[in-house]
Amino acid sequence: MTTADGRAAQVLPIAGTPPGPPQPPGILAACDGSDGALWALDRAMSEAERYELPLYLLGVVDPAPGGYPPGMAELVQESIERLSGSMADGLRRALRAVEQARSRPFEGPVSLHVVLGRVVEVLLAASVGQHTLVVGARGNGGFTRLLLGSVSTAAVHHAACPVLVVPAPPARR
């Protein structure tokens, strides 16, 4: 994958490690493909450029929100691989869409990370050693009437770095 200006965007192997130490601190953007995540990604790009830091785009796949009964993990491995591949494709599309919507291309290094696990746990672990975690106010979950989603609320209260919560643009609220 290349970014809009032809640079290569690194995509770590599926189920790779979250972008925490020992990589250099950067701007960590959580992306679930929602409009809120795209607005947050645009802001994360601006923050990365402003502070001349790398941008880490993180997508999390929770393959078993309720857990598996004994012996089921092996049976669903193909589905997990498909989910992870779909998330990686979604991160590439999100990056491309946001770069095309910007007035100028993103100028810094970017890497994409797809990690298996529970979203909040992975995001909080990935926040260790980062400059800033950027999340949308609400993602793909339900309960759109809430001011903040469960992921952004957990990030604000428990992340190991400063958190920037990006609300919807005024016309979308």
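Every number here is computed from the coordinates shown, using simple stated rules; none is lab data. Bear in mind the structure is a predicted one, so any value in this text is a computation, not a measurement. All Cβ positions, glycine included, derive from the backbone under ideal geometry; neighbour counts span all protein chains shown.
Structure notes:
- Residue that is surrounded by the most Cβ atoms within 10 Å (Cβ to Cβ) [pool: residues in region 91-129 that are over 13 Å from the mean Cα position of the chain (by Cα) and of a type in the set (Val, Ile, Thr)]: VAL98
- Any hit, region 109-122, residues being more than 19 Å from GLY149 (Cα to Cα), in contact with a Pro (Cβ under 6 Å, 6 or more places away or on another chain) and part of a loop (DSSP other than H, G, I, E, B): yes
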